[in-house]
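Engineer: Mind having a look at this structure? Questions to follow.
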């Protein structure tokens with residue numbers, strides 16, 4: 001009988017975390033970098049003004065943990081790219097960098113709200129995430145954090161427990177990558193099914209904003225699915 005080969009540490013070691021880039025330096029990008037940096041050494045942060053980002057990294061105390069880069073460099077270095085951009089800017093980004101994004105996981109945070117936040121810039125037959133997938137068909141688009149407003153990212157502690165992050169996508173491995181990325185953060189990640197389910201998430205997010213404004217607690221509003229296990 002042939003002996004089975006010995007198991008080595010290399011065989012049992014977990015796969016290395018994918019190199020990750022956050023694109024965008026607004027409130028969402030800033031909050032995400034602050035939350036992710038302690039858990040994802042080597043995080044890449046890209047914006048239109050890398051020098052300003054370098055100064056912000058120093059303010060956050062993440063010097064040596066977060067690297068700043070221009071968009072092209074960030075995309076080429078990362079395997080997982082988080083787009084903390086408005087929808088129209090995210091579309092421009094994936095159209096510009098489509099070839100470099102091929103085979104990579106791209107996380108879409110945007111909701112296609114109109115400029116006055118009263119409606120949608122897209123028909124109900126599609127979503128911002130699906131529009132990105134159409135514009136960059138060789139990338140693996142995942143929707144996440146669409147229902148999480150910037151104020152909750154900046155201060156996640158809520159009396160009802162951690163808020164839910166709904167993760168949508170048509171590539172299961174890509175969704176699992178994103179859920180693994182977000183797992184150390186003070187949220188509960190739920191697999192929300194196909195990318196087309198982003199249509200519901202995006203529209204429910206606008207409704208939650210409307211209700212929060214009416215009851216005077218916007219933008220500190222989020223979701224938690226009651227009955228789901230913690």
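Just so you know, all these numbers are worked out from the coordinates, no wet-lab data involved. Model, not experiment: these values are computed from the prediction. Here the Cβ is made from the backbone with ideal geometry for all residues, glycine too, and neighbour counts use every protein chain on show.
Engineer: Simple spin-label model, 7 Å along Cα-to-Cβ: residue 95 to residue 134 in nm?
Structural biologist: Between residue 95 and residue 134, the label points sit 1.2 nm apart.
Engineer: Here is a follow-up. Using alpha carbons only, what's the Rg to Rh ratio of the chain with Rh from Kirkwood?
Structural biologist: We get a ratio of 1.00 for the chain.
Engineer: Return one number: the angle in degrees, 0 to 90 and rounded to the nearest 10, between the long axis of the Cα atoms of helix 172-182 and the longest principal axis of the Cα atoms of the chain.
Structural biologist: 80
Engineer: Which three lengths, in whole Å and largest first, does the stretch 16-151 cover when its Cα atoms are put on their principal axes?
Structural biologist: 44, 32, 25
Engineer: While we're on this one: Where does each of 106-119, 141-154 land if you order them by average Cβ count within 10 Å, highest first?
Structural biologist: Going from most to least packed, we get 141-154, 106-119.
Engineer: Also, quick follow-up: Between residue 196 and residue 173, what is the spin-label point distance in nm, taking each point 7 Å from the Cα along the Cα→C-beta axis?
Structural biologist: 2.4
Engineer: Using the alpha-carbon atoms, what tilt in degrees (0 to 90, nearest 10) does helix 198-214 show relative to the longest principal axis of the chain?
Structural biologist: Its long axis makes an angle of about 50 degrees.
Engineer: At 0.36 nm per residue, minus the direct Cα-Cα distance, what do residue 51 and residue 102 gain on full extension? Give it in nm, one decimal, please.
Structural biologist: 15.6 nm
Engineer: Quick check: pseudo-label points 7 Å beyond the Cα along Cα→Cβ at residue 114 and residue 225, how many nm apart are they?
Structural biologist: Taking the simple label geometry, residue 114 and residue 225 are separated by 3.1 nm.
Engineer: In percent, what relative contact order does the chain have, based on Cα pairs under 8 Å that are 6 or more apart in sequence?
Structural biologist: That works out to 16 percent.
Engineer: Right, next: Fully extended, how many nm does the chain gain between residue 204 and residue 218 (0.36 nm per residue separation, minus their Cα-Cα distance)?
Structural biologist: That works out to 3.6 nm of additional length.
Engineer: Given only helices, namely DSSP H runs of n ≥ 4 each adding -39500 (n - 2.57), what is the per-residue ellipticity at 222 nm of the chain, to the nearest 500 deg cm²/dmol?
Structural biologist: Mean residue ellipticity, 222 nm, calculated: -10500 deg cm²/dmol.
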